[in-house]
Amino acid sequence: MRDCSTIYLNGVRREVRGREALMMMAEWLRKEASLPGTKIVCAEGDCGACTVLRAFPTPDGTPRFEAINSCIATVAQLDGSHIVTVEGIQNGPELSPAQKAMTDCHGSQCGYCTPGFVMALSAMLERHDQVDAKTASNYLTGNLCRCTGYQPIIDAAVMARASKTHSVAGRYLNDAATDDLLATQKKPVTIKNDDVVYFAPATLRDATTFAAHNPGFRVLGAATDLGVQINKGKPLPQAILSLHLIPELYAIKKNRTGITIGARVTLADLRRATMDTAPEFSRFLNLFASPQIKNVATLVGNIANASPIGDTLPFLLIAGGTVHLASRPGGKGPVKKRAVPMTAFYLGYKKLAMEPGEIITHVSFDKTPPREFLRLYKVSQRKDLDISAVSGAFALTTSGRGPARVVTSARIAFGGVAATPVRVPGAEAALQGVVLSPDLIETVAQLIAGALTPLSDARGTAAYRRVLAANLFRRYGQEVLGV
Ligand SMILES: Cc1cc2nc3c(=O)[nH]c(=O)nc-3n(C[C@H](O)[C@H](O)[C@H](O)COP(=O)(O)OP(=O)(O)OC[C@H]3O[C@@H](n4cnc5c(N)ncnc54)[C@H](O)[C@@H]3O)c2cc1C
Ligand code: FES
Ligand code: FES
């Protein structure tokens, strides 16, 4: 058992204990590790000023450095990782390629956002020798600049070339450090500070035992939801459970019809894993948050957070999504497992069909059948890094050809139109067995508008959301009909 978070910080092994381990990484870097190059601006994962690079070795994968937001990740949850900050990317007297390109292209004015941009560019150069402007923009979705204007920064990204001398992986991912982290990851962690206890077990049995003995415990996934709440003043939960040391929860399994995603699988890995099996879902995940968020945030966190506008939920509702739960009632006996279909998982606003002491171990869903016409849509006030006002998921199969095509199955789900994500059974039934036509699409769009009871909030009025939902289906109808 360890009482610390063990990391390699710019190549140096560190053990972080007690109060410091429960701090957000960005704050800890600045206040405790004397590394103030990492900036904190929004403290909500929105601006990227706090970007650092993280590589988490696993027994069967090659670790890679990826950009993450350090303002909403506790030091404890980054245990077992290599972390590189802006102070660690320059090798010798020469600037790193990202730093040099930013200075050559005048990509900085007040400079406050600059370390974050340099780190996002450094992550990009770990994957690409050079990029075009579109790829650069994708890598920089999670970084905001208030003074320079983005063109010089994009120019810098396009001008930058990866260099072996400055490769972060080449410099920091040596076998000795990685083997040490892998050995360390086998030892569970307990950290105590005041009345908070943080536990990271190495087995599911120990995780469910902790859950049984600590009513009110919270699982800490990547904290891209929880971390924001904590930074906004919500106290740390008194019993925190991190599943990051349980190897089986990183698994992605595929069989002939379905795919199963462990609780620790990130959205970035999910996006890559579904490119062939659920391509529309994979494409849709491009619109989810930013690289810094997707590189750590989990699908299971999105499901358990239970926001009615969680972006993955409408898809899972129509794709046979099933939540797999584990518990150990009374902390005794074998681990009890059960599965709940997503359609029965959301009982009310943020109310889940979970028993006390249960944790989610994985989620499964169907591969998209080749003959199914599946589309996912998200409407938000801006395209990237924004929360949906309404999202929609539609899937139809048909038989026959041309104007005689008959609907053989229909599934429709929305987010942002009720206290939970919802299916619309009345609209689905109206499509079943009917010849596909513009009139049918219009009838169903009106049924959808009539069936939904959205709320008004900052992202849109109830009336706006109702119109939006019906219009998303009209758009889908045009795509299905090919008009
Ligand atoms: C800048 C920013 C942009 C975002 N953009 C989007 C977006 O475009 N679309 C969107 O839908 N969301 C978005 N989010 C929200 C968030 O990133 C997602 O909901 C993410 O999937 C949460 O995953 P996590 O691992 O970080 O969860 P955490 O924050 O760690 O946890 C979320 C909740 O799930 C619970 N939980 C986690 N794992 C388990 C488990 N195994 N068992 C039981 N309970 C568990 C936690 O206790 C907590 O209640 C954004 C967040 C930020 C900060
Ligand atoms: S400080 Fe803005 S994303 Fe971290
Ligand atoms: S240079 Fe000032 S915020 Fe970007």
Report summary line: Going through the range 45-69 in order, the residues found to be under 17 Å from the mean Cα position of the chain (by Cα), more than 16 Å from ligand 3 (Cβ to nearest atom) and of a type in the set (Asp, Glu) are Glu66
Report task. Tally the residues that are in a strand (DSSP E or B) and either out of contact with any strand residue (DSSP E or B) (no Cβ under 8 Å at 6 or more places or on another chain) or closer than 20 Å to His244 by Cα (or both), restricting the search to the range 335-365. Result -> 10
Query raised in the report: For the range 203-212, does any single residue satisfy the condition of being more than 26 Å from Met354 (Cα to Cα), touching a Lys or Arg at 6+ places or on another chain (Cβ under 8 Å) and surrounded by fewer than 16 Cβ atoms within 10 Å (Cβ to Cβ)?
Result: no
Report summary line: Restricted to the range 72-113 and to residues being open to solvent by less than 10 Å² (accessible area, probe 1.4 Å) and within 16 Å of ligand 3 (Cβ to nearest atom), the residue nearest to Leu181 (Cα to Cα) is Ala98
Report task. Take the range 181-202 and flag every residue that is open to solvent by 30 Å² or more (accessible area, probe 1.4 Å), farther than 16 Å from Ala21 by Cα and in contact (Cβ under 8 Å) with a residue 60 or more places away in the chain. Result -> Leu182, Lys187
Requested in this report: Name the single residue, out of those in the range 213-227 being open to solvent by 30 Å² or more (accessible area, probe 1.4 Å) and under 21 Å from the mean Cα position of the chain (by Cα), that is nearest to ligand 2 (Cβ to nearest atom).
Outcome: Thr224
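Condition check ((1) at pLDDT below 95; (2) touching a strand residue (DSSP E or B) at 6+ places or on another chain (Cβ under 7 Å); (3) hydrophobic (A, V, I, L, M, F, W, C)) across all residues:
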residue	(1), (2), (3)
Arg161	no, no, no
Phe217	no, yes, yes
Pro237	yes, yes, no
Ser242	no, yes, no
Lys254	no, no, no
Gly258	no, yes, no
Query raised in the report: In the range 26-83, which residues are free of Cβ contacts under 8 Å to residues at least 24 places away in the same chain, assigned to a loop (DSSP other than H, G, I, E, B) and charged (D, E, K, R)?
Result: Glu32, Asp60
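Can you tell me which residue is surrounded by the most Cβ atoms within 10 Å (Cβ to Cβ) among those in the range 14-43 that are charged (D, E, K, R), touching a helix residue (DSSP H, G or I) at 6+ places or on another chain (Cβ under 7 Å) and farther than 17 Å from Leu220 by Cβ? Working first, answer last.
First, the residues of the range 14-43 that are charged (D, E, K, R): 14-15, 17, 19-20, 27, 30-32, 39.
Remaining after also requiring touching a helix residue (DSSP H, G or I) at 6+ places or on another chain (Cβ under 7 Å): 20, 32, 39.
Pick out the ones that are also farther than 17 Å from Leu220 by Cβ and you get 32, 39.
Details: Glu32: 14, Lys39: 21.
Ranking the qualifying residues of the range 14-43, first place goes to Lys39.
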Report task. Among the residues of the range 136-149, write down those that are in contact (Cβ under 8 Å) with a residue 12 or more places away in the chain and away from ligand 2 (no atom under 16 Å from the Cβ). Result -> Ala136, Ser137, Asn138, Thr148
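Inspect all residues belonging to the range 436-454 and state whether any of them is in contact with a Ser or Thr (Cβ under 8 Å, 6 or more places away or on another chain), outside any helix (DSSP H, G or I) and not hydroxyl-bearing (Ser, Thr, Tyr). Full working, then the answer.
Within the range 436-454, the first condition is being in contact with a Ser or Thr (Cβ under 8 Å, 6 or more places away or on another chain), and the residues that meet it are 436.
Those still in the list that are outside any helix (DSSP H, G or I) too: 436.
Okay, now just the ones that are also not hydroxyl-bearing (Ser, Thr, Tyr), so 436.
There is at least one residue in the range 436-454 that is in contact with a Ser or Thr (Cβ under 8 Å, 6 or more places away or on another chain), outside any helix (DSSP H, G or I) and not hydroxyl-bearing (Ser, Thr, Tyr).
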Query raised in the report: When both residues are 6+ apart or on different chains and their Cβ atoms are under 9 Å apart, which pairs have a first residue that lies in the range 384-396 and is within 15 Å of Leu285 (Cα to Cα) and aromatic (Phe, Trp, Tyr), and a second that is modelled with pLDDT under 85 and not in a strand (DSSP E or B)?
Result: none
**Report entry** Pairs, first at positive phi in the range 445-464, second outside any helix (DSSP H, G or I), C-beta under 7 Å, six or more apart
**Finding:** Gly460/Ala389
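The values are calculated or read from the model by the stated rules, or taken from the named source; none is laboratory data. All values derive from a computational prediction rather than experimental measurement. Note: ideal-geometry Cβ built from the backbone for every residue, glycine included; neighbour counts use all protein chains shown. Ligands, DNA and RNA are stripped out before the accessible areas are found, and what is left, the full protein with its side chains, is counted by its heavy atoms. Shrake-Rupley method; radii C 1.70, N 1.55, O 1.52, S 1.80 Å.
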